[in-house]
Structures are given as structure tokens and as C-alpha cells.
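I have placed the structure first, in the form of C-alpha cells, so that the comments after it can refer back to it.
Just so it is clear, none of the values below were taken in a lab; they were calculated from the coordinates. Given the structure is predicted, the values throughout are model-derived calculations rather than measurements. With ideal geometry, Cβ positions are generated from the backbone for all residues, glycine too; neighbour counts draw on all protein chains shown.
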Amino acid sequence: MKSSIDPVQNLAQLIACPSVTPAEAGALTAVQSMLTPLGFAVERPIFSEDGTPDVENLYARRSGNGPHLMFAGHTDVVPVGDEAAWSFPPFSAAIHNGAMYGRGAVDMKGGIACFIAAVARHIEKNGGLNGSVSFVITGDEEGPSVNGTSKLLEWAKAKGESWDAAIVGEPTNPDKLGDMIKVGRRGSLSGTITVNGIQGHVAYPHHADNPVRGLVTLMESLLYPAFDEGTKNFQATNLEITTVDVGNPSFNVIPAKATATFNVRYNDAWNDETLMAEIHNRLDKASGRSKLRPDKKSPVNYDLLWRNRPSHVFLTHDEKLIGTLTSSVEHVTGTRPQLSTSGGTSDARYIKDYCPVVEFGLVGKTMHMVDERVEIADLETLTHIYERFIADFFA
Ligand SMILES: [Zn+2]
């Protein structure tokens, strides 16, 4: 048991595994070797789906009399990028000036290392837990996210598992430990518009139908007016056009086709259906506008293709869970954390269908960057926060 009470040692072991999605690379084996001596029953299901790599996952449970708390996270990491640009090899867990360097240090092997240490300390001090703790750890968070948390939760539920609350160990703090707890996430929706025109000579535009004119008209309708001004718990819904493609190498040919792709991050004033309807409505209305196509009688001829699965907006309302975590953070750091729904999506979007979920982990400043690193002091502080949270949650 001794070995896993130190978050720094735990993290060094995890960073040493080059578990770039979808490779397991020993990372789940390391987690298993830390949890088994603490009394956890560990399973490692592998999930598959056509067109995506197989991914190994881990579910570990230590059963006790009382509520069931889930800790969720991922051991996979994003690629290192330009390895030569790193101050230390990205899987060496080098310590320099009070920080441990390595891919995954904050996103999010560090969070896992701390939660394991916190559970180990709690068990050592109290001889056990007044309830059950489960680790839901995937190797597919940074990749396609198809053979990861969503399937692992379904798999566990099919075995009869259910949970009272969950904490995700993603790096939620923008600047310093204690800044921010995430209590919800915006939804995400992407689509591609294709405008079909008629190819022709630029000098004879009346014989052609330039799809770029139509596309600009449609894009403007998505960018203005704003979808909303934000809600009590969420930022304003925002649409960004991420690419515009015509692919026309010529200066004297009007192209036949033009496309644009967009992504919307949306708040709880919408759901994916109402938002899709709003976007269709804006495009349909705009397609008849003649400002940029004064000599064209027919509306802009376009198709809209929705990309991927939308990720749903959610907000957690569990007072006990949020209150317990907030007071644990405040007790240890002296800072009252902001409750936020900002930022990108996370696997919490799957967990929210099973139990209330919040997210709290390390400082995210260096995540996905060259020289990703964590302050050693932060590892100890986060372990304290988690330990306090576990004690209060099961009290
Ligand atoms: Zn992450």
C-alpha cells in the first residue's frame, strides 16, 4: 500500500508510459498495480468499433457500505509534437525547479495520481472506506472518444453498477489550484454547408452562378445576429466558421462549388434539436436574399451536413456534491473556487447520464503543449483536496 500514497511517485510511473491514444503502453497496468493492493477489483475491457482503433479501458471498484463515488479520467495523452523542442524527454518525468515535466503531467495523469494517493491515504488512516469507490479510466479521451468512457459506462451499467456521484480529474484550473470547479459544459455542434453554383467565365458572370456569393450570404446569417446573450450559468452561444473551401486554382473561372464548416458551442438556452432548427431557419431565410446575388432569381442552392455526434449541454445541480467539493477546495487552498461551465467538452458529458458529475483537477496552463509540466507542490495540494473530499463525502 505504501507505494501509492505518494502522488509524485504515482505520476512518475504513469508519465513513463508513452500512452499516446490509442496505445495502452503500460499506463493502465500501472494504475492496476497501484489499486490492487488497496483492495480494488480491477477489470480491463477492450472496446472496438469499425473504423476506429481498439482501445483498452479500466474499471476498478472497492466496495463498502455506503454511497458509491466514481472517479473518472483518462490515461491516454496527446502526441508530444516536436520532441526536440522539449526541455526534457516527454516520457522521462524529469523534475526541474520544483516541477515534473512530461506529456500527461496535468492532462490528466496527474489527477489520477493524486486521486489514487488520496484514496490510499484515506484507507491507511481509517482502515477502509464508508462506501464504494470506482475508477472509470479510459484510454480513448484524446482520440476519437468512441471506445472509451461512453462504452465503459454502458458496460459497467450492464453489470449492475450504479453511482451516486462522480468527479472527473481533468485540469480545470486556469491559473492556480483552487480557481475553478466545472459544474457543467456547453454543448457542441458542427456542420458543413455546401453551395452548388454554376461554373463559368468570370467575364460572363450572368451565364454562371458564383457559389461564393451564396456562401458569403449564408455565412453572414450564421454569424449575425448573436444566438443569445448567455444564461445564468453559461456564456453566450458562439458559432465559429472554421474553414471555407473553394479549391479553385484559377483567377478567371467562377467555381462550381464552395463549402464552409462551422462549430457552435451552445448554452442551456438550446438543445441540439432547437439549435439545428434555428440554423436551418437562418440558412433558408438567407438563401432568398439578393444583396450579393442581385441578378439571380433562384435562391442559393445549398446542402447542410451535420458532422459527428453533437455533444449535449448539461448543468449539474447536486448541492451535496458541489458543496462538498467547494468546501474541500476552500479548506485546503484558502480560495473559494468559481463554479464554471466554460471551456471545451469532456467525458463528463457521458457521465451526466448516470449520476451527478463535477470536474476538478490540476492547473491546465501547459496541457497539450511542449514542456507540459506540473508543480510538485500542486500534486500534494490536490491530493489533500481529494482526501478531504473523500472524507467529507463518506462522512
Ligand atoms: Zn484530458
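Mind jotting down the distance between the C-alpha centroids of region 15-71 and region 87-144, whole Å?
After rounding, the separation between the Cα centres reads 12 Å.
From the square roots a ≥ b ≥ c of the eigenvalues of the alpha-carbon gyration tensor of region 27-104, which class results: rounded (a/c under 1.5), prolate (a/b over b/c), or oblate? Working shown, then result.
Numbers: a/c = 2.93, a/b = 1.47, b/c = 2.00.
Because a/c hits 1.5 or more and a/b fails to exceed b/c, region 27-104 counts as oblate.
Among Trp155, Ala12, Ala377, which residue has its Cα positioned farthest towards the positive end of the charge dipole of the chain, with +1 placed on the Cβ of Lys and Arg, -1 on the Cβ of Asp and Glu, and the dipole taken about the Cα centre?
Trp155
Straight-line reach from Lys257: which aspartates and glutamates have a Cα under 20 Å away, not including same-chain ones fewer than 8 places off?
Asp209, Glu220, Asp245, Asp284, Asp295, Asp303
Rounding to the nearest 20 debye, state how big the charge dipole of the chain is about its Cα centre with +1 on each Lys and Arg Cβ and -1 on each Asp and Glu Cβ.
720 debye
Is the shape of region 1-160 rounded, prolate or oblate, going by the alpha carbon gyration tensor and its root eigenvalues a ≥ b ≥ c, with a/c under 1.5 for rounded and a/b larger than b/c for prolate?
oblate
How much net charge surrounds Tyr101 when only the other residues with a Cβ under 12 Å from the Cβ of Tyr101 are counted, with Lys and Arg +1 and Asp and Glu -1?
That works out to -1.
Using the basic label-point model (7 angstrom from Cα toward the beta carbon), what is the Trp155 to Ala16 distance in nanometres?
Rounded to a tenth, the inter-label distance reads 2.6 nm.
Suppose only helical runs count, i.e. DSSP H with n ≥ 4. What mean residue ellipticity at 222 nm does that imply for the chain under -39500 (n - 2.57) per run, divided by all residues and rounded to the nearest 500 deg cm²/dmol?
Result for the chain, helices only: -9000 deg cm²/dmol.
Taking the Cα-to-Cβ direction at Asn65 and at Glu380 and moving 7 Å from each Cα, how far apart do the two end points lie in nm?
In this crude label model, Asn65 to Glu380 measures out at 3.7 nm.
Multiplying the sequence separation of Asp82 and Lys291 by 0.36 nm and subtracting their Cα-Cα distance, what value in nm do you get?
Full extension from Asp82 to Lys291 adds 70.5 nm.
With the cut-off at 1.5 for a/c, could you classify region 187-310 from its C-alpha gyration tensor as rounded, prolate or oblate?
prolate
Taking every DSSP beta bridge with both residues inside the chain, roughly what % is antiparallel (nearest 5)?
70 percent
If you stretched the chain out fully between Glu319 and Asn271, how much longer would it get, using 0.36 nm times the residue separation minus the C-alpha to C-alpha distance?
Extra length from Glu319 to Asn271 when fully extended: 14.9 nm.
Cα atoms only, the chain: Rg and Dmax in Å?
24.5, 84
Taking springs between alpha-carbon atoms closer than 10 angstrom, which of Ile198, Ile116, Ile95 fluctuates most in the Gaussian network model of the chain?
In this elastic network of the chain, the residue with the biggest mean-square fluctuation among Ile198, Ile116, Ile95 is Ile198.
Name the residues of region 266-302 whose amide N is less than 20 Å from a point 7 angstrom out from the Cα of Ala226 along the C-beta direction?
266-271, 275-276, 278-279, 282, by backbone N distance to the label point.
Using a 10 angstrom cutoff on alpha carbons, build the Gaussian network for the chain and name the most mobile of Ala120, Ala84, Ala41.
Looking only at Ala120, Ala84, Ala41, the biggest GNM fluctuation is shown by Ala84.
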